[in-house]
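All remarks here apply to the structure that follows.
The values are calculated or read from the model by the stated rules, or taken from the named source; none is laboratory data. Here the structure is a predicted model, which is why all the values come from computation and not from measurement. Positions of Cβ are generated from backbone atoms using ideal geometry, with glycine treated the same way; all protein chains shown enter the neighbour counts.
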Amino acid sequence: MNIHLKGRIDSTNAAQTEQDILAQLQNGDGGPLVVDMQELEYISSAGLRVILRLKKEHPDLKLVNVNSEVYEILDMTGFTQMMSVEKAYRVVSVEGCEEIGRGANGTIYRIDRDNVVKVYNNADALADIQHEREVAKLALILGIPTAISYDVVKVGDSYGSVFELLNAKSFSKIIAREPEKLDWCVKEFVAMLKRIHGTLVPAGKLPDMKETALKWARFMQDYLPEAAGKKLLALIDAVPHDDHMIHGDYHTKNLELTDNEVLLIDMDTLAVGHPIFELGSIYNSFVGYSEYDSEVIRKFQGFDQTTGRSFWRKSLAAYLGTDDEAKLDEVADKARIVGYTRMIRRSIRRKGLETEAGRAEIALWKGELLELLDKYDTLLFGA
């Protein structure tokens with residue numbers, strides 16, 4: 001049953017408000033009690049006691065459409081821990097807005113000159129938003145330049161986080177529109193990557209990417225020959241634990257240049273782990289996903305497959321500090337083992353085996369993965 005509150009509830013009208021609510025409940029259907037506070041401007045301690053008494057009689061009580069001022073009162077007094085409280089969110093439309101970033105869990109749009117919104121794929125994204133806020137704050141404290149969300153909004157059937165990114169443009173856009181700056185983008189891309197990988201994270205603050213990769217490998221046991229599946233699992237299991245930060249979805253759409261400062265965005269995939277897991281993800285972004293269909297990278301990053309391959313190779317050389325082709329091939333191959341594992345699992349889970357193109361794509365990646373598993377006995381590499 002829904003009860004609507006409006007105006008102000010304080011010592012002058014709390015008793016009458018409670019009587020009105022009880023009268024409505026007597027005539028109600030007896031279902032779960034939902035108190036809609038969309039038109040409630042203020043609630044005092046007397047009003048809060050009314051809510052507590054309702055909670056006692058209706059343990060499943062839910063408060064919805066709570067404005068920011070009332071929500072702050074409920075939060076400060078502990079009500080948000082005692083019962084379900086849903087904030088009223090500003091509604092934002094992204095229709096016609098420029099897409100400036102895309103990650104595993106959402107898409108980032110510019111909504112005006114100063115601000116962007118990350119719209120989450122998951123319609124029930126409030127927990128995801130809270131997680132990203134927390135890890136972004138952690139990254140900022142640890143010295144990684146990033147934007148912090150200052151507002152949560154409703155976007156269609158999902159939610160979004162709003163960030164201030166003044167006059168920002170992604171590295172993908174810079175590469176696509178100013179190809180002469182590719183080497184500068186490589187330099188800054190690798191500098192940020194090394195900064196991330198050089199950041200030691202306090203134990204337990206971020207998920208372990210190795211555990212995630214082990215889940216990918218276990219999934220693959222049903223889709224690879226037995227010996228290959230076991231070797232893949234063993235290779236990942238042998239990677240030592242590492243408490244240094246990795247981004248988890250690091251590519252040129254997640255680096256923004258704003259007022260001559262480079263910012264890292266889309267922080268919900270932050271984790272800790274060995275760099276090989278990051279390199280596998282980077283390979284996928286610039287090469288792997290577009291190996292079967294060369295248009296994939298143009299649609300995603302805005303530049304062509306040749307540029308993507310060049311960016312990957314130049315970045316790998318700069319990251320490793322070598323032009324030794326044999327060394328670059330070795331590390332690239334090991335990154336590809338991780339990358340193919342991730343892509344095959346993703347495609348299968350998205351019903352790739354049910355389409356002709358999906359089956360062909362998976363077959364290509366699987367063939368490459370099997371060759372690489374025959375070639376290497378470790379995923380580790382030297383500096």
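Run down GLU371, GLU361 and say which single residue is acidic (Asp, Glu) and buried (at least 18 other Cβ atoms within 10 Å of the Cβ).
GLU361
For ALA104, state whether it is touching a residue at least 12 places away in the same chain (Cβ under 8 Å), under 21 Å from MET245 (Cβ atoms), outside the structural domain of ASN260 (by TED's automatic domain parsing) and loosely packed, with under 14 Cβ neighbours inside 10 Å.
For ALA104, the condition - touching a residue at least 12 places away in the same chain (Cβ under 8 Å), under 21 Å from MET245 (Cβ atoms), outside the structural domain of ASN260 (by TED's automatic domain parsing) and loosely packed, with under 14 Cβ neighbours inside 10 Å - is met.
May I ask you to say which residue of ALA123, ALA127 is out of contact with any Cys (no Cβ under 7 Å at 6 or more places or on another chain), in a loop (DSSP other than H, G, I, E, B), aliphatic (A, V, I, L, M) and farther than 20 Å from LEU263 by Cα?
Every option except ALA123 fails the conditions.
When you scan region 291-299, do you find a residue that is of a type in the set (A, V, I, L, M, F, W, C), within 21 Å of the chain's Cα centre (by Cα) and modelled with pLDDT of 95 or more, even just one?
yes
Could you tell me how many of the residues in region 107-148 are within 25 Å of ASN167 (Cβ to Cβ) and free of Cβ contacts under 8 Å to residues at least 24 places away in the same chain?
6
Pull up region 110-120, narrow it to residues that are assigned to a strand (DSSP E or B) and not aromatic (Phe, Trp, Tyr), then point me to the one that is nearest to CYS97 (Cα to Cα).
By that ranking, first place goes to ARG110.
Considering only residues that are modelled with pLDDT under 90, crowded, with 16+ Cβ neighbours inside 10 Å and among the small types (Gly, Ala, Ser), which ones fall in region 119-157?
Within region 119-157, ALA125, ALA147, SER149 meet the criteria.
Identify all residues within region 176-207 that are outside any loop (DSSP other than H, G, I, E, B), charged (D, E, K, R), without any contact (Cβ under 8 Å) to a residue 40 or more places away in the chain and surrounded by 12 or more Cβ atoms within 10 Å (Cβ to Cβ); write none if there are none.
Within region 176-207, LYS181 is the sole residue that qualifies.
With respect to ILE73, is the statement that it is over 27 Å from GLN26 (Cα atoms), of a type in the set (A, V, I, L, M) and outside the structural domain of GLY160 (by TED's automatic domain parsing) true?
When the stated conditions are applied, ILE73 passes them.
Identify the residue in region 287-301 that is part of a helix (DSSP H, G or I) and β-branched (Val, Ile, Thr) and, among all such residues, is farthest from TYR250 (Cα to Cα).
VAL296
Which members of region 21-38 meet the condition of being surrounded by 12 or more Cβ atoms within 10 Å (Cβ to Cβ) and either touching a Gly at 6+ places or on another chain (Cβ under 7 Å) or not in a loop (DSSP other than H, G, I, E, B) (or both)?
ILE21, LEU22, GLN24, LEU25, VAL34, VAL35, ASP36, MET37, GLN38 - these are the residues of region 21-38 that are surrounded by 12 or more Cβ atoms within 10 Å (Cβ to Cβ) and either touching a Gly at 6+ places or on another chain (Cβ under 7 Å) or not in a loop (DSSP other than H, G, I, E, B) (or both).
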